[in-house]
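Down below is the structure, laid out as structure tokens.
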Amino acid sequence: MNKRVLGMAVALMALAMLATPVLAIGPENAIGKNPNLMPPAPYGFDMVPGNGVAHGWITVTPVPKTEITLNAVYGFKIKSAFVVTDPVQVLGMENKWLYLSQSLLYDYWVFMGLDPSFAAFIVANFPDGAYMKWNSVGQ
């Protein structure tokens with residue numbers, strides 16, 4: 001009896017993990033399958049469920065990066081976040097929470113190689129700035 005219950009619990013947990021919408025490494029395979037995945041942008045891909053959290057896959061750099069961005073408009077406040085004063089600082093802060101004001105967020109995207117007009121379009125959604133954490137992938 002216990003083995004049967006344990007087997008069912010493990011099967012349900014495996015099913016739940018497989019059914020969870022995630023942005024897998026190499027999000028090209030998820031296009032059309034995940035409604036929260038934005039189409040390819042000039043910088044990579046974003047999964048934006050609409051709650052102020054964005055999971056991104058940035059491809060404009062030599063080494064792809066995954067990033068999490070929290071929109072400060074939604075009330076996100078991370079007290080331990082490092083306040084960025086120059087976009088170059090972001091490169092040395094892997095796997096740490098950073099806070100970028102709206103103007104520094106724009107400078108960061110332009111520094112990363114994004115077209116200035118598209119960077120301005122993105123930054124318009126972050127009037128209070130953003131909290132960001134990123135990691136390099138495939139090193």
Quiz prompt | Condition met for V110 (touching a Lys or Arg at 6+ places or on another chain (Cβ under 8 Å) and of a type in the set (A, V, I, L, M)) | solution = no
Quiz item: Can Y74 be described as closer than 24 Å to N51 by Cα and crowded, with 17+ Cβ neighbours inside 10 Å?
Solution: no
Quiz item: For the range 124-136, how many residues meet the condition of being hydrophobic (A, V, I, L, M, F, W, C) and either exposed (fewer than 13 other Cβ atoms within 10 Å of the Cβ) or more than 19 Å from W97 (Cβ to Cβ) (or both)?
Solution: 1
Quiz item: What are the residues in the range 82-99 that are crowded, with 18+ Cβ neighbours inside 10 Å and either hydrophobic (A, V, I, L, M, F, W, C) or free of Cβ contacts under 8 Å to residues at least 12 places away in the same chain (or both), if any?
Solution: V84, V90, L98
Quiz prompt | For L70: the one exception among (1) closer than 20 Å to N36 by Cα; (2) assigned to a loop (DSSP other than H, G, I, E, B) | solution = (2)
Quiz item: When you go through (1) in a strand (DSSP E or B); (2) within 22 Å of L37 (Cα to Cα) one by one for Y99, which number turns out not to apply?
Solution: (2)
Quiz prompt | W57 being more than 25 Å from K33 (Cβ to Cβ) and either among the hydroxyl-bearing types (S, T, Y) or not in a loop (DSSP other than H, G, I, E, B) (or both) | solution = no
Quiz item: Pairs, please: C-beta under 6 Å, at least 6 apart or cross-chain, first residue among the β-branched types (V, I, T) and in the range 118-134, second outside any loop (DSSP other than H, G, I, E, B)?
Solution: V123/Q102; V123/L105; V123/Y106
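We did not get these values from a lab; they are worked out from the coordinates using the rules stated. Owing to the predicted nature of the structure, the values given are computational and were not obtained by experimental measurement. Positions of Cβ are backbone-derived with ideal geometry, glycine not excepted, and every protein chain shown enters the neighbour counts.
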